[in-house]
Amino acid sequence: MKQTTLHRTETNVSRILAKSGSLSFMMNVAGVGLAVLMQVVLARLLGVVSYGYYAFVMTVITFVAFPANLGFDTAIVRFVSSYKADQLWGEVKGLLRRANQLTLLVSLVLMGISGIVIYVMYRNSGGEFYYTFLTGLLIIPLMATATLRQNSLLALKEVLVAQLPEKVLRPVFVIVILYAYTVIFHVNASAFEAMVIFVGSMLLSYLFGAWVLNRKLTPHTRDYPHRFQTKHWLSESLTLMVNSGMYLILGQLSVVMIGMMHGTSESGIFSAAVRIATMVSFAITSINMIAAPMISESYAKGDLKQMQKVCTLSGRSGFAFAGLVFVTILLLGEWILGLFGEEFKAGATALILLSLSHLVHSYCGQSGTVMTMTGQQRASSRILMISTVLNVAFNLLLIPSLGMIGAALANLLSTAFCYFSMMYKVKQSMQIVTGVWMPGRIGSKS
């Protein structure tokens, strides 16, 4: 009887991951394709210099924006999944309202401070770079609140509509409007004009996403009053914010450091390589959107066998696709970079090293997600802190002499340390194996 129940549980897990994971995977395939197409269009219409300005500003704005949601983006996935299982819809309403209120407030403060800094640093230079930077500040509240909305829908397991605005609608808007602008006015767009178009596209996709969330959430929450646990939520979310920030540093700091040490043109080329390399791990990222709520629910129920099943199925599926994409980049990487423009082929070696970093991430599976969804964020913070320090140190050491290749090596070394450390920590603390092909899974003799 016990074996029958276990088999039924495993079948349910497989079915949910297969169905929802397939939707998420297809959406991410479309999203990655459109994101790369958008960058190709931007690079070709702006040219390497203006694209370098645009890419550098976008990376800096991403860093500035990440503290705005105070870690509520990740906390929402964790808490809403748990509240939904217990039908605590008042807590769901309270969490989403408080998260959006605090996020908007912090976003406006960050915009104001950043505007003053940019004015002081660049007001005398003026020109394209200065006005692109100022316009980019409008992204901060849109980016922060859009992330909250997306993760709210993911926690409700509304995978398709959660990703549609950012993955599909936004890049489509940017491409169509940018092309229309250049055709109608018969001019080459500048980085400033491209940023204005991006902000407008982001606003349109945000409004659509907010409308969808309201339609999906209202039937469940209509009859429940708001219930707030602000102190508890903030305590957990701030730790998660630190972790998210360090993940961001590991993924994007090199773009900024190259821009500061070697100029924005090389930074733009490296940024294109970074975006292409993310295609290697997009499958594990797609599946993670389904796996994270399932891991949280399994942990809340004390069902480690189900958690292991989720990690095994999602990890192996994600790594299989990662391997295929990695081989494709090995064979066609220079040609893909050439789509951005001939100058971008200089990033071919860096692209391979960056792709290897994402392959390592995919091999280690759901290690970081398990730590976050099971309350081990403080342990993951320690690992991420060391990884971040290594990343900065390697960048400072390698970029001056090796440029983009040095930055890619720094990324590879710090990423490998981070994810392998998390993988072994999860195995040690919970006997959950997230590595794709490691011995000692739950229920084995080891």
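The values are calculated or read from the model by the stated rules, or taken from the named source; none is laboratory data. Computed from a prediction, not measured in an experiment: that's the story for all the values here. Note: ideal-geometry Cβ built from the backbone for every residue, glycine included; neighbour counts use all protein chains shown. Ligands, DNA and RNA are excluded from the accessible area calculation, which covers all protein heavy atoms including side chains. Shrake-Rupley method; radii C 1.70, N 1.55, O 1.52, S 1.80 Å.
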Pseudo-spin-label distance Thr218 to Ser401, built 7 Å along Cα→Cβ, given in nm, is 6.3 nm
Within the set Tyr363, Tyr122, Tyr206, GNM on the chain using Cα springs under 10 Å gives the largest fluctuation to Tyr122
Residue-ordered couplings for the stretch 43-57, obtained by feeding phi - 60° into the Karplus form 6.51 cos²θ - 1.76 cosθ + 1.60 and rounding to whole Hz (Gly and Pro as x), are 4, 6, 7, 8, x, 5, 5, 5, 5, x, 4, 4, 5, 5, 4
Sort out for me the Cα centre separation of the stretch 128-145 from the stretch 340-395, rounded to whole Å. 26 Å
Given a Förster distance of 56 angstrom, what is the FRET efficiency for Ser125 paired with Phe420, based on the Cβ-Cβ distance and rounded to 0.05? 0.80
Listed residues Met261, Met373, Met143, most fluctuating in the chain (Gaussian network, C-alpha, under 10 Å): Met261
For the chain, what does -39500 (n - 2.57) per DSSP helix run (n ≥ 4), summed and divided by total residues, give at 222 nm, in deg cm²/dmol to the nearest 500? -29000 deg cm²/dmol
Apply the Karplus parameterisation 6.51 cos²θ - 1.76 cosθ + 1.60, with θ equal to phi minus 60°, to every residue of the stretch 218-225 and state each ³J(HN,Hα) to the nearest whole Hz, in sequence, with x for glycine and proline. 4, x, 7, 9, 3, 9, 10, x
Going residue by residue through the stretch 182-197, the Karplus relation 6.51 cos²θ - 1.76 cosθ + 1.60 with θ = phi - 60° gives ³J(HN,Hα) values, rounded to whole Hz and with x marking Gly or Pro, of 5, 6, 5, 9, 6, 9, 7, 6, 9, 4, 4, 5, 4, 5, 4, 5
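Quick check: from the Cα gyration tensor, does the stretch 88-134 come out rounded (a/c under 1.5), prolate or oblate?
prolate
Name the shape class, rounded, prolate or oblate, that the alpha-carbon gyration tensor gives for the stretch 321-446, where a ≥ b ≥ c are the square roots of its eigenvalues, rounded holds for a/c under 1.5, and otherwise prolate holds if a/b is larger than b/c and oblate otherwise.
Numbers: a/c = 3.18, a/b = 1.66, b/c = 1.92.
In terms of gyration-tensor shape, oblate.
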Unit charges on C-beta of K, R, D, E only; dipole of the stretch 144-285, Debye: 500 debye
Quick one: Cα centre-to-centre distance for the stretch 289-338 and the stretch 191-245, in angstrom? 25 Å
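Can you tell me the FRET efficiency between Arg97 and Ile386 if r is taken as the Cβ-Cβ distance and R0 is 35 Å, rounded to the nearest 0.05? Let's see the in-between values first.
Values: r = 36 Å, r/R0 = 1.04.
Given R0 = 35 Å and the Cβ-Cβ separation, E is 0.45.
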In Å², what does the accessible area per residue of the stretch 359-400 work out to with a 1.4 Å probe? 35 Å²
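Could you state the per residue volume, in Å³, of the convex hull enclosing the Cα atoms of the stretch 242-355? Please report the intermediate quantities before stating the final value.
Values: hull volume 11.6 nm³, N = 114.
Looking at the stretch 242-355, the number lands at 102 Å³ per residue.
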Using a 1.4 angstrom probe, figure out how much accessible area the stretch 1-228 has per residue, in square angstrom, rounded to the nearest whole. 46 Å²
With the contact rule set at Cα under 8 Å and sequence spacing of 6 or more, what percent relative contact order holds for the stretch 229-353? 27 percent
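Could you work out the relative contact order of the stretch 236-436, using alpha carbon pairs under 8 angstrom and six or more residues apart, expressed as a whole percent? Provide the component values of the computation, followed by the final result.
Working: 283 pairs, mean separation 60.5, N = 201.
Contact order relative to length: 30 percent.
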Looks like the stretch 104-204, by Cα gyration tensor root eigenvalues a ≥ b ≥ c and the a/c under 1.5 rounded cutoff (else prolate when a/b is bigger than b/c, oblate otherwise), is oblate
From the residues Met121, Trp211, Thr135, which one has its Cα farthest along the dipole of the stretch 1-228 in the positive direction, the dipole being from +1 and -1 charges on Cβ of Lys/Arg and Asp/Glu about the Cα centre? Trp211
Carbon and sulfur atoms: what percent of the 1.4 Å accessible area of the chain do they account for? 66 percent
